[in-house]
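Trainee: First the structure, which I've put down as structure tokens, then a few questions once you've had a look.
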Amino acid sequence: MNNLGTAIVTGASSGIGAATARHLAKAGFRVVVGARRLDRLTELAAAIDGVALQLDVTDPASVSAFVEAAGPCRVLVNNAGGALGLAPVASADEDHWRGMWETNVLGTLRMTKALLPALVDSGDGHVVTITSVAAYEVYDNGAGYTSAKHAQSALHRTLRGELLGEPVRFTEVAPGLVETEFSLVRFDGDAERAAGVYDGLTPLTADDVAEVVAFAVTRPPHVNLDQIVMKPRAQASASRVHRE
């Protein structure tokens, strides 16, 4: 096992990141997980025979220390990110916007920029960026998050052209409704409001997304799954769902 090289997963302390780490380890990767909550990471790493390193993608010094400690890798999964608040533009909280752009956009930039040399040197590198259907759609009261995800997606898709001819693949995974801690964070810990997002429908799970990531990075080197959009059957768009 662990014969596929090293995979790095950011934002791996819970949700999609933690599930992705488990699936990549099962597929045969040595997995290095990073996030701010080191206690959760340590438990995860022990379960998958991986490596846990503290990481704050909004802090350049933290990113540098993480990359140095992690060493060379073949796969990078940019999963760190999230949403804060649900206010209209007229009453937007600039701190919320700043936080979303720092994690989703600049965090992805910092990690990818720092690891691109190692990914190229691996001879078969792969960058997976977890965006969202919000990277392609807009909806009322979501401009801070949708703008950050649009920018994150643009960054990722630009790399596909800039690294054309190099031995690196780029896959964007854009999920719709996934039941994780995402809504709990967005609504500042309001569990009832967070649960209401998924009322009357069966959302995707973190494992659903993780399985797709593992599939993408285990295709033959000449196969690049550029973009994967996935939603629950009951979701047609970012703002249109069917509830029972």
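Trainee: For the stretch 89-114: of the residues being farther than 19 Å from Ala154 by Cβ and either modelled with pLDDT under 95 or hydrophobic (A, V, I, L, M, F, W, C) (or both), which is surrounded by the most Cβ atoms within 10 Å (Cβ to Cβ)?
Mentor: Ala114
Trainee: Starting from the stretch 217-244, take each residue that is under 18 Å from Pro175 (Cβ atoms) and list its partners that are of a type in the set (D, E, K, R) and part of a loop (DSSP other than H, G, I, E, B), counting only C-beta distances under 8 angstrom and pairs at least six apart or across chains.
Mentor: Leu225/Arg219; Ala234/Arg243; Ser237/Glu137; Ala238/Glu137; Ser239/Glu137; Ser239/Asp140
Trainee: Can we say Glu192 is surrounded by fewer than 14 Cβ atoms within 10 Å (Cβ to Cβ), modelled with pLDDT under 95, farther than 27 Å from His23 by Cα and not basic (Lys, Arg)?
Mentor: Taking the combined requirement at face value, the residue satisfies it.
Trainee: Can I ask one more? Against the definition (surrounded by fewer than 18 Cβ atoms within 10 Å (Cβ to Cβ) and either in a helix (DSSP H, G or I) or free of Cβ contacts under 8 Å to residues at least 60 places away in the same chain (or both)), how does Ala46 come out, yes or no?
Mentor: For Ala46, the condition - surrounded by fewer than 18 Cβ atoms within 10 Å (Cβ to Cβ) and either in a helix (DSSP H, G or I) or free of Cβ contacts under 8 Å to residues at least 60 places away in the same chain (or both) - is met.
Trainee: I've got another one for you. Does any residue of the stretch 58-74 turn out to be more than 27 Å from Ala214 (Cβ to Cβ), assigned to a loop (DSSP other than H, G, I, E, B) and modelled with pLDDT under 95?
Mentor: No, there is no match, as no residue in the stretch 58-74 is more than 27 Å from Ala214 (Cβ to Cβ), assigned to a loop (DSSP other than H, G, I, E, B) and modelled with pLDDT under 95.
Trainee: Something else: Any idea which residue in the stretch 148-172 is surrounded by the most Cβ atoms within 10 Å (Cβ to Cβ), counting only those that are assigned to a helix (DSSP H, G or I) and free of Cβ contacts under 8 Å to residues at least 12 places away in the same chain?
Mentor: Ala154
Trainee: Checking the conditions here, which among Val77, Val33 is part of a strand (DSSP E or B) and more than 20 Å from Gln152 (Cα to Cα)?
Mentor: Sole residue among the options that is part of a strand (DSSP E or B) and more than 20 Å from Gln152 (Cα to Cα): Val33.
Trainee: If you take the residues in the stretch 217-240 that are among the basic types (Lys, Arg) and over 19 Å from the mean Cα position of the chain (by Cα), which one is surrounded by the most Cβ atoms within 10 Å (Cβ to Cβ)?
Mentor: Arg219
Trainee: So which residues in the stretch 16-30 are in a helix (DSSP H, G or I) and not basic (Lys, Arg)?
Mentor: Selection gives Ile16, Gly17, Ala18, Ala19, Thr20, Ala21, His23, Leu24, Ala25, Ala27.
Trainee: Please go through the stretch 195-215 and give me each residue that is more than 14 Å from Gly176 (Cα to Cα), part of a helix (DSSP H, G or I) and not β-branched (Val, Ile, Thr), ordered by number.
Mentor: Answer for the stretch 195-215, where residues must be more than 14 Å from Gly176 (Cα to Cα), part of a helix (DSSP H, G or I) and not β-branched (Val, Ile, Thr): Ala195, Gly196, Glu211, Ala214, Phe215.
Trainee: Looking at (1) modelled with pLDDT under 95; (2) surrounded by 23 or more Cβ atoms within 10 Å (Cβ to Cβ), which is the only condition Gly82 fails?
Mentor: (2)
Trainee: One residue is enough: does the stretch 117-132 have a residue meeting the conditions surrounded by 16 or more Cβ atoms within 10 Å (Cβ to Cβ), part of a helix (DSSP H, G or I) and among the hydrophobic types (A, V, I, L, M, F, W, C)?
Mentor: Yes, the stretch 117-132 contains at least one residue that is surrounded by 16 or more Cβ atoms within 10 Å (Cβ to Cβ), part of a helix (DSSP H, G or I) and among the hydrophobic types (A, V, I, L, M, F, W, C).
Trainee: Let me ask another. Can you name the residue in the stretch 133-146 that is of a type outside the set (Ser, Thr, Tyr) and more than 17 Å from the chain's Cα centre (by Cα) and, of all such residues, is surrounded by the fewest Cβ atoms within 10 Å (Cβ to Cβ)?
Mentor: It comes out as Asp140.
Trainee: Looking at the stretch 83-106, I want the residues that are closer than 23 Å to Val197 by Cα and in a helix (DSSP H, G or I) and have a partner that is of a type in the set (Ser, Thr, Tyr) and at pLDDT below 95 with Cβ atoms under 6 Å, at least 6 apart or on another chain. Which pairs are those?
Mentor: Pairs that qualify, where the first residue is closer than 23 Å to Val197 by Cα and in a helix (DSSP H, G or I) and the partner is of a type in the set (Ser, Thr, Tyr) and at pLDDT below 95: there are none.
The values are calculated or read from the model by the stated rules, or taken from the named source; none is laboratory data. Just so it is clear, the model here is predicted, and its values are computed rather than measured. Positions of Cβ are generated from backbone atoms using ideal geometry, with glycine treated the same way; all protein chains shown enter the neighbour counts.
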